[in-house]
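Engineer: Here you go, one structure.
Read-outs throughout are calculated quantities, based only on the coordinates presented, and are distinct from any laboratory measurement. If you're wondering where the values come from, they're calculated on a predicted model, not measured in any experiment. Neighbour counts are summed over all protein chains in view; Cβ atoms, including those assigned to glycine, are modelled from backbone coordinates with ideal geometry.
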Amino acid sequence: KIQNPKVKRKLPSTLNLDSYLEIYKLITKENENLEAKKLIAIFELLYGCALRVSELCSLNIENLDMPNETLRVIGKGSKTRIVPIGKKSIEVLKEYLNTIEITNNKQPLFTKNNNTRIDRFYVYEKVKKYISQVSDIEKKSPHILRHSAATHMLDNEADILAVKEILGHENLSTTQIYTHVSIERLKRSYKKAHPKS
């Protein structure tokens, strides 16, 4: 009848907004126009819609609903959810869509230069490359952008249940980890700045 010990979950690493915006400048500087638009659209969906890398890679043109500013995402366990797309993301996506030839709605939203669908290796390589240039955080995976999006939403007083739906979490406890990230950041600021800390 001995209870299992409580396992303390490691808090996810996040990227601050300035570092994220710096990535856009680097992408624009280092790539040709068409490639830059594609990479910015990829980063915009990973962060702006807080997508998992598998969700991003499986997107087709038909998943985008530009008039309603939403994205239909197939998440874990083949569960479908509708994610809102922000105004900034809509602009980025429009610019990207103007650079590609759309023959049918079932075609992949993002392809590599050989016209095959992007995969997680492609996305990992690009994300690692640019996060390495703007941050010294240990992990440099696409999931960092999802962590950052969730944390930034909660930092800006988003409703935790809404964030849970956007992320496609099954349990609220999974989403609550991001409130701890905000609290830890608050504690660090307090310790650094408060004379009585």
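Engineer: In nanometres, what is the gap between the two model label sites at Thr70 and Ile160, each 7 Å from Cα along Cα-to-Cβ?
Structural biologist: My value for the distance between the label points is 2.6 nm.
Engineer: Hey, another quick one. Can you work out the FRET efficiency for the pair Ile2 and Asp136, with r the C-beta to C-beta distance and R0 = 35 Å, to the nearest 0.05? Display every interim value, and only then the final one.
Structural biologist: Working: r = 42 Å, r/R0 = 1.19.
After rounding to 0.05, the efficiency reads 0.25.
Engineer: Starting from the alpha-carbon convex hull of the stretch 35-118, give the projected area averaged over all orientations, in nm². Mind showing how you got there, number by number?
Structural biologist: Details: hull surface 20.6 nm².
Dividing the Cα hull surface by four gives the mean projection, 5.1 nm².
Engineer: List the trypsin sites (Lys or Arg not before Pro) within the stretch 90-127 that DSSP assigns to loop and that have no more than 10 neighbouring Cβ atoms inside 10 Å. Don't jump to the answer; show the numbers that get you there.
Structural biologist: Numbers: sites: Lys94, Lys106, Lys112, Arg117, Arg120, Lys126; in loops: Lys106, Lys112.
Loop-located and lightly packed - Lys106.
Engineer: When N is the residue count of the stretch 82-139, what does its C-alpha Rg come to as a fraction of 2.2 N^0.38 Å? Before the final figure, lay out the partial values.
Structural biologist: On the way: Rg = 14.4 Å, N = 58, 2.2 N^0.38 = 10.3 Å.
Against the empirical 2.2 N^0.38 Å value, I get 1.40 for the stretch 82-139.
Engineer: Taking only the C-alpha atoms, wrap a convex hull around the stretch 108-154 and report its volume per residue in Å³ as a whole number.
Structural biologist: Working: hull volume 4.2 nm³, N = 47.
Output value, Cα hull per residue: 90 Å³.
Engineer: Dimensions of the stretch 1-144 along principal axes (Cα, Å, largest first)?
Structural biologist: Principal extents (Cα only, largest first): 62, 35, 30 Å.
Engineer: Quick one: Cα centre-to-centre distance for the stretch 94-130 and the stretch 18-74, in angstrom?
Structural biologist: So the two Cα centres are separated by 9 Å.
Engineer: Of Lys1/Lys76; Lys129/Lys192; Lys79/Lys139; Lys128/Lys191; Lys164/Lys192, which sit over 29 Å apart, Cα to Cα? List each step's numbers first, then the result.
Structural biologist: Numbers: Lys1/Lys76 34 Å; Lys129/Lys192 31 Å; Lys79/Lys139 27 Å; Lys128/Lys191 31 Å; Lys164/Lys192 31 Å.
Cα-Cα > 29 Å for Lys1/Lys76; Lys129/Lys192; Lys128/Lys191; Lys164/Lys192; rest within.
Engineer: According to a simple spin-label model (label point 7 Å from Cα along Cα-to-Cβ), what is the distance in nm between Asp18 and Asn105?
Structural biologist: Rounded to a tenth, the inter-label distance reads 4.5 nm.
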